[in-house]
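Structure record follows, encoded as structure tokens.
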Amino acid sequence: MEHKESPEESFNQAQLLKNSSMFYLCIGAVGLMVSYFHHDNMARSWALSSPDYANWEVISLGLLTAGVLAVMAYLFEDFFPSYRALKRVMVGLMGRMTWPGAIYLALLSAVSEEILFRTAIQPSAGVVLTAALFAVLHLGPAQQFGVWALIAFLSGLVFGWTYEATGLILPSLIGHILVNLISFWRFRISFQKAKKRAEKKEGLSPDAPRGVK
């Protein structure tokens, strides 16, 4: 009988991180080039404060952004069955990642996406169109992640507003990184709970080696 790989056996964190690194480094590089050569806004965008906003206000805005979006994602889980189905998919994939891998991916994806969408695209396309493009990036293969794209669109509006209001990338960057980390944390908790339920159902203790009753 042909052996069918379980999700745990088929998960390859190293390959996932390699593919993700290539993708995000590419879009980050494109964003940097457009920002530097076309908009000439690199120094201004990456400043830690501005004449209108002190550093503590910029950081506070980023923290507030993360809080608002985290609450929004939690509410989506309650009201949209399709989001719960999506979460199960993401838990099966991202819930298995180690914390170093999750932190690396959270940082890399947030930095690259904010460089591309905030400093490269938004100055020409505006907040709404940039948020729409941000949503398209999150549709996934065969457009099966529609609800994720909706969340990405709303998140893009919030990130875009903070950049439009302050002229700084730091608030949206802080918010984006924290939202990613919170998501990974929730996926990991859900995965561990599901794993313990499965082991209990099979008559295994959570710490027992797989296959030992």
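Kindly list, by first and then second residue, each pair from a residue in the stretch 1-22 that is at pLDDT 70 or above to a residue that is assigned to a loop (DSSP other than H, G, I, E, B), limited to pairs with Cβ atoms under 8 Å and residues at least 6 apart or on different chains.
So the pair list comes out as F11/R96; Q13/R96; Q13/M97; Q13/T98; L16/M97.
Name the one entry in S60, S49 that is among the hydroxyl-bearing types (S, T, Y) and either in a loop (DSSP other than H, G, I, E, B) or over 13 Å from I174 (Cβ atoms) (or both). Break it down into steps so the answer makes sense when it comes.
On the way: S60 fails: either in a loop (DSSP other than H, G, I, E, B) or over 13 Å from I174 (Cβ atoms) (or both).
On inspection, the qualifying residue turns out to be S49.
Looking at the stretch 67-161, what helices (runs of 4 or more DSSP H) fall wholly within it and have at least 2 residues that are in contact (Cβ under 8 Å) with a residue 40 or more places away in the chain and over 14 Å from the mean Cα position of the chain (by Cα)?
Helices (runs of 4 or more DSSP H) meeting the threshold: 81-94, 122-137.
Say whether the condition of being more than 26 Å from F191 (Cβ to Cβ), surrounded by fewer than 21 Cβ atoms within 10 Å (Cβ to Cβ) and either at pLDDT 90 or above or of a type outside the set (G, A, S) (or both) is met by at least one residue in the stretch 93-103.
no
The values are calculated or read from the model by the stated rules, or taken from the named source; none is laboratory data. These figures come from a predicted structure and were not determined experimentally. Every residue, glycine among them, receives a Cβ derived from its backbone with ideal geometry; neighbour counts consider all protein chains shown.
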